[in-house]
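Here's the structure we're looking at; comments come further down.
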């Protein structure tokens, strides 16, 4: 199998486009799509200057997606004085898993001379995910606890850094799964929330001072291509799956979309193209509705719309209730 671009040995066949690509042209293809997404989303503030730079926090876990994102952003903006970047790594307290990925983040940050901060659940919340999973006071999946704690730290550290954007490494597969889950759950308000949280171009989202805007520059690139990209560039990457990962429903959706893509190449792209257009319409329809959800994440951790937000009476985080979800979970954990 030869590369369509140069005739060299191909390492990948993108069935959705029909392209056969060698390692070098796969790399160029991935980078081209990420750069296009950066432009279309308006990631770089046109008013940014060396004296007043755009400040970005990158969620760097050490997995393939966040490593690829960090490397590409550094390639494009690492020497741009209009951009200041901070890589943030969160240690959840999972023995034999996160330590290896932390090593990858440190190696990458050192290679790029990138400012890098490491925080942990144990330091911030006095909990470790291994213990939370064992006790499980709320009788729910580990990812449900972990997601709330991780999002809280990302938001807080982004605010502490005075960040203008919070960037995460969600890929095409991740986003197609979220879109399908929202559709199947009939959650139109959550679809609207997704647009303002991280899907819409930054200048088309509902303005808010409550949260740091999110962006997902990898969301047009399939997961497999990101893994190959890291391999081609020999990036320090931790490829193991979290031992506590058990999102059964998302796993079913993942399998369904994989089968659709196998039988109908391009299905993921079609799902997202339609979903992004519909999410914009839903956002227009539901803005101002206190139950619609505001500029929080598409997973709903902010507990409600921006019009109903207040400060958590315990930690000061933005929430629609007197006590935020994080503090309620910590209370349950402490009570065990």
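Relative to its residue count, region 1-130 spans a Cα convex hull of 162 Å³ per residue. Counting only helical runs of four or more DSSP H residues, what would the 222 nm mean residue ellipticity of the chain come to if each run contributes -39,500 (n - 2.57) and the total is spread over all its residues? So the helix-based figure for the chain works out to -14500 deg cm²/dmol.
In terms of surrounding Cβ atoms within a 10 Å radius of their Cβ, 180, 85, 1 rank from fewest to most as 1, 180, 85.
Applying 1/(1 + (r/R0)^6) with R0 = 22 Å to the Cβ-Cβ distance of residue 40 and residue 8 gives a FRET efficiency near 0.15. Over region 1-52, the fraction of Cα-Cα pairs per 5 Å bin, rounded to whole percents and listed from the shortest bin up, is 5, 19, 18, 16, 11, 9, 7, 7, 6, 1, 0. At full extension, residue 82 and residue 123 could sit 11.5 nm farther apart than now, given 0.36 nm per residue minus the alpha carbon distance. Ranked by how many other Cβ atoms sit within 10 Å of their own Cβ, fewest first, the residues 336, 323 fall in the order 336, 323. For region 12-334, the share of DSSP beta bridges that are antiparallel, to the nearest 5, is 25%.
Which of rounded, prolate or oblate describes region 157-201 when judged by the alpha-carbon gyration tensor and an a/c cut-off of 1.5? Cα axes put region 157-201 in the prolate bin. In terms of overall dimensions, the C-alpha atoms belonging to region 162-249 reach 39, 34, 24 Å along their principal axes, ordered largest to smallest. Axis angle, to the nearest 10 degrees, between helix 98-112 and the longest C-alpha principal axis of the chain: 60 degrees. Seen against the Cα atoms of the chain and their longest principal axis, helix 23-41 is set at about 50 degrees. Ordering 64, 32, 79 by the number of other Cβ atoms within 10 Å of each residue's own Cβ, fewest first, gives 79, 32, 64.
Please report the relative contact order for region 12-334, taking Cα pairs under 8 Å with a sequence separation of at least 6, and give it as a percent rounded to a whole number.
Details: 528 pairs, mean separation 70.7, N = 323.
For region 12-334, the relative contact order is 22 percent.
Using a ≥ b ≥ c from the Cα gyration tensor of region 30-94 (square roots of the eigenvalues), is it rounded, prolate or oblate, where a/c under 1.5 gives rounded and otherwise the larger of a/b and b/c decides, a/b for prolate? It comes out oblate by the Cα gyration axes.
Every number in this text was worked out from the coordinates using simple rules, so none of it is lab data. Quantities reported herein were computed from a predicted structural model and do not represent experimental measurements. With ideal geometry, Cβ positions are generated from the backbone for all residues, glycine too; neighbour counts draw on all protein chains shown.
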